[in-house]
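Scroll down for the structure; my scribbles are underneath it.
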Amino acid sequence: MGGAGLNDAPVMRLTCLFALFPLLLHAEAQRFEFTARASEIDPRAKAHPEIEFVFDSKGKPADIQHASVDTRVKPQGKLVIWLMGHSAGLFERVNSFGLHAIRVHYANGWFGKFGNQSPGADGQQNGHIRLEAATGEDFSPLVEIPKPDGMMERSFQFVKWLANKNPEGKWKQFLTKDGKGLDWSKVIISGSSHGSTTAARFAKHQAVDRVVMFCGPRDQLETWQSLPSATPSNRFFGFSHVLDSGWSGDHYCRSWELLGLNAHGPIVNVDQMTPPYENTRRLITDADVKGDDKRAHSCVVPGGASPKSADGKFLHEAVWKYLFTQPVDQSGPATAADEDCEKDLQK
């Protein structure tokens, strides 16, 4: 009788394996997402109820951290550290650009207690607290935030955990050669509002690859924005809506100029131009938000408040890509300071 003999069986199995091999490879390349509690990753982590920074709130874990990477996309070798509540839409996009992303739970609850107070004698009260919250080092007499509860150490411990948990994601590349910290030259520090202000303050202290500031920074009564910077000014990128109260109070124009961003191009309305937006670092939008200043504040980050076109697509996809991927060595022309932007807001 015809048909395959017994000796043909191994050959048939091998042929089937070869046929499945491309599918197996494809299955390995995917978008990975992780959540983990900071208190479980690092037993040294502590809660600080004195600044409303706790591990549990209303019966639910409050120290959840997020991470994601898409191994189907060509990697850029850079890690986005997000300093605000988790933004699924933003993480999806930065992953699509070939960037890794994490959001850490660090001791930032101080803002509700001290954020609206007048600055200290040196005009840097909030800046000192932000730096302590970010580094876990003693910069402010108003708070006591140890190293394991600062953003730097929480990020380091999380990336170490991810390197073991998800070797396919190649998280180990963001650790220093001795494995004792993060390689900050590969880090994009980013945030919105309060988070973007801390991102900017941290980048003045610690050199990073890039800073992406949504609806910020503020600290409008402070002077730290004009301090010498470990991160060059061409590596700072800002995006905000003109109806955001940060504009009516001259907060954004002031901070952007004190950071030196006017040396890299004019303020550009992204709704009237296409990339690369004159290679500037100062981007604004006047897209329709129904006159709602609160929506204006949050609309610049991918999410429910973000403006959409008539076909339902987000208007600012190109802007988000520009902010995170535009080559930092490409700068627009230097622009004079805006005389209508009030710099001395303490008077």
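The values are calculated or read from the model by the stated rules, or taken from the named source; none is laboratory data. Just so we're clear, the structure is a prediction, and the values are computed from it rather than from any experiment. Heads up, the Cβs are rebuilt from the backbone with ideal geometry, glycines too, and the neighbour counts pull from every protein chain shown.
Taking the listed residues Asp244, Asp209, Asp183, the one that is surrounded by 23 or more Cβ atoms within 10 Å (Cβ to Cβ) and touching a helix residue (DSSP H, G or I) at 6+ places or on another chain (Cβ under 9 Å) is Asp244, with no other qualifying.
Taking the criterion of being under 19 Å from Val268 (Cβ atoms) and over 21 Å from the mean Cα position of the chain (by Cα), no residue of the stretch 290-329 qualifies. The C-beta contact set for the stretch 308-320 (first residue of a type in the set (S, T, N, Q), second residue modelled with pLDDT of 95 or more and surrounded by 10 or more Cβ atoms within 10 Å (Cβ to Cβ), distance under 9 angstrom, 6+ apart or interchain) comprises Ser309/Leu315. In this structure, Ala203 qualifies as within 17 Å of the chain's Cα centre (by Cα) and either within 18 Å of Thr135 (Cα to Cα) or not charged (D, E, K, R) (or both). Can you tell me which residue within the stretch 28-44, out of those that are within 19 Å of the chain's Cα centre (by Cα) and of a type in the set (A, V, I, L, M, F, W, C), is nearest to Ser57 (Cα to Cα)? Top of the filtered list is Ala38. Considering every residue within the stretch 77-100, establish whether at least one is within 19 Å of Thr325 (Cα to Cα), of a type in the set (Lys, Arg) and under 16 Å from the mean Cα position of the chain (by Cα). Yes, some residue in the stretch 77-100 is within 19 Å of Thr325 (Cα to Cα), of a type in the set (Lys, Arg) and under 16 Å from the mean Cα position of the chain (by Cα). Residues of the stretch 274-287 that are surrounded by 14 or more Cβ atoms within 10 Å (Cβ to Cβ) and not basic (Lys, Arg): Pro276, Tyr277, Glu278, Asn279, Thr280, Leu283, Ile284, Thr285, Asp286, Ala287. So which residues in the stretch 229-250 are over 22 Å from the mean Cα position of the chain (by Cα) and under 17 Å from His194 (Cβ atoms)? Result: Gly249, single match. Does the stretch 203-239 hold any residues that are of a type in the set (Gly, Ala, Ser) and over 21 Å from Val268 (Cα atoms), and which are they? Scanning the stretch 203-239 gives Ala203, Ala207, Ser226, Ser229, Ala230. When Ala107 is tested against (1) assigned to a loop (DSSP other than H, G, I, E, B); (2) at pLDDT below 90; (3) over 23 Å from the mean Cα position of the chain (by Cα); (4) of a type outside the set (S, T, N, Q), exactly one condition is not met: (3).
Of the residues screened, Gly191 is one that is closer than 28 Å to Val242 by Cα, buried (at least 23 other Cβ atoms within 10 Å of the Cβ) and in contact (Cβ under 8 Å) with a residue 40 or more places away in the chain. The residue of the stretch 213-233 that is nearest to His251 (Cα to Cα), among those that are buried (at least 24 other Cβ atoms within 10 Å of the Cβ) and in contact (Cβ under 8 Å) with a residue 60 or more places away in the chain, is Asp219.
What are the pairs, 6+ residues apart or on separate chains, where a residue within the stretch 79-104 that is modelled with pLDDT of 95 or more and basic (Lys, Arg) has its Cβ under 6 Å from a residue that is surrounded by 18 or more Cβ atoms within 10 Å (Cβ to Cβ) and not in a loop (DSSP other than H, G, I, E, B)? Here the result reads Arg93/Trp320; Arg103/His66; Arg103/Trp82, each pair linking the stretch 79-104 to a residue that is surrounded by 18 or more Cβ atoms within 10 Å (Cβ to Cβ) and not in a loop (DSSP other than H, G, I, E, B). Working only within the stretch 130-170, note down all residues that are touching a Leu at 6+ places or on another chain (Cβ under 6 Å) and either outside any helix (DSSP H, G or I) or at pLDDT below 95 (or both). Matches in the stretch 130-170: Phe139 only.
For the stretch 55-68, a residue qualifies if it is farther than 30 Å from Gln30 by Cα and surrounded by 15 or more Cβ atoms within 10 Å (Cβ to Cβ), and exactly one does: Phe55.
Candidates in the stretch 78-99 are the residues that are aromatic (Phe, Trp, Tyr) and not in a helix (DSSP H, G or I); of these, the one that is nearest to Gly303 (Cα to Cα) is Trp82.
Picking from residues in the stretch 319-335 that are in a loop (DSSP other than H, G, I, E, B) and touching a helix residue (DSSP H, G or I) at 6+ places or on another chain (Cβ under 6 Å), the one that is nearest to Gly191 (Cα to Cα) is Val328.
Checked against (1) under 22 Å from Ala230 (Cα atoms); (2) without any contact (Cβ under 8 Å) to a residue 60 or more places away in the chain; (3) surrounded by fewer than 22 Cβ atoms within 10 Å (Cβ to Cβ), Ala200 meets all criteria but (3). Only one of the listed residues (Gly109, Gly127) is in contact with a Leu (Cβ under 9 Å, 6 or more places away or on another chain) and surrounded by 17 or more Cβ atoms within 10 Å (Cβ to Cβ). That residue is Gly127.
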